[in-house]
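Shown next, in structure tokens, is the structure this report addresses.
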């Protein structure tokens, strides 16, 4: 018989041990923030909090920014859920959320359920605002990207390969992704939370370019 509280606690322990020292900004503390935010939004929006919590905890364990093989990673997550007696329908729902919430340069899939919308909003909120700025530079540095190169163009349309490996900088990432996220929020709660964070990024960029002159 599955005990939902125990499944969540055991999943937290597993994810923490896996991602604690992850260097690209997709570490345990990102997961912890996203999970808390997803719970907050999920409560406000009336989502299934068991699904929301597990999907938020597990979402980066099969992200191509973190793992080399997404298929193997998804299989590992599926095995974890099965071994903890999570119902097959719930496991499918969680795995589908994990597969659809990523931005992927604008090439991501459409989210399909309220729970997916909630987790996607929570994940995207952690990519904007003060924390989002810090994570942007951490991720860019981990991938060998420069802070800013004015000779680079802001890319409008990209394949996933171009998005991941093309010529860009941390500052360009604001225009290629981060400043777009506010208007992609799925829930009223997520959008309301995104407004201030978006404004803070605009203030940061204004100051950045003021100092560049």
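The values are calculated or read from the model by the stated rules, or taken from the named source; none is laboratory data. As the structure is a prediction and not an experimental result, all values here were calculated from the model. All Cβ positions, even for glycine, are placed from backbone atoms using ideal geometry, and neighbour counts span all protein chains on display.
For the range 179-192, the set of residues classified as touching a helix residue (DSSP H, G or I) at 6+ places or on another chain (Cβ under 6 Å) and closer than 13 Å to residue 127 by Cα consists of 181, 182, 185, 190, listed by residue number. Note on the range 113-203: enclosed helices (runs of 4 or more DSSP H) holding 1 or more residues that are more than 27 Å from residue 96 (Cβ to Cβ), under 18 Å from the mean Cα position of the chain (by Cα) and touching a residue at least 60 places away in the same chain (Cβ under 8 Å) are 129-142. Looking across the range 64-92 at every residue that is surrounded by fewer than 15 Cβ atoms within 10 Å (Cβ to Cβ) and assigned to a loop (DSSP other than H, G, I, E, B), the one that is nearest to the chain's Cα centre (by Cα) is identified as 64. When we screen 54, 95 for residues that are under 15 Å from the mean Cα position of the chain (by Cα) and crowded, with 22+ Cβ neighbours inside 10 Å, the only hit is 54.
Residue-level check: of (1) under 27 Å from residue 182 (Cβ atoms); (2) at pLDDT 95 or above, residue 91 misses just (1). Would you call residue 15 closer than 20 Å to residue 190 by Cβ, in contact (Cβ under 8 Å) with a residue 24 or more places away in the chain, in a helix (DSSP H, G or I) and under 17 Å from the mean Cα position of the chain (by Cα)? Taking the combined requirement at face value, the residue does not satisfy it.
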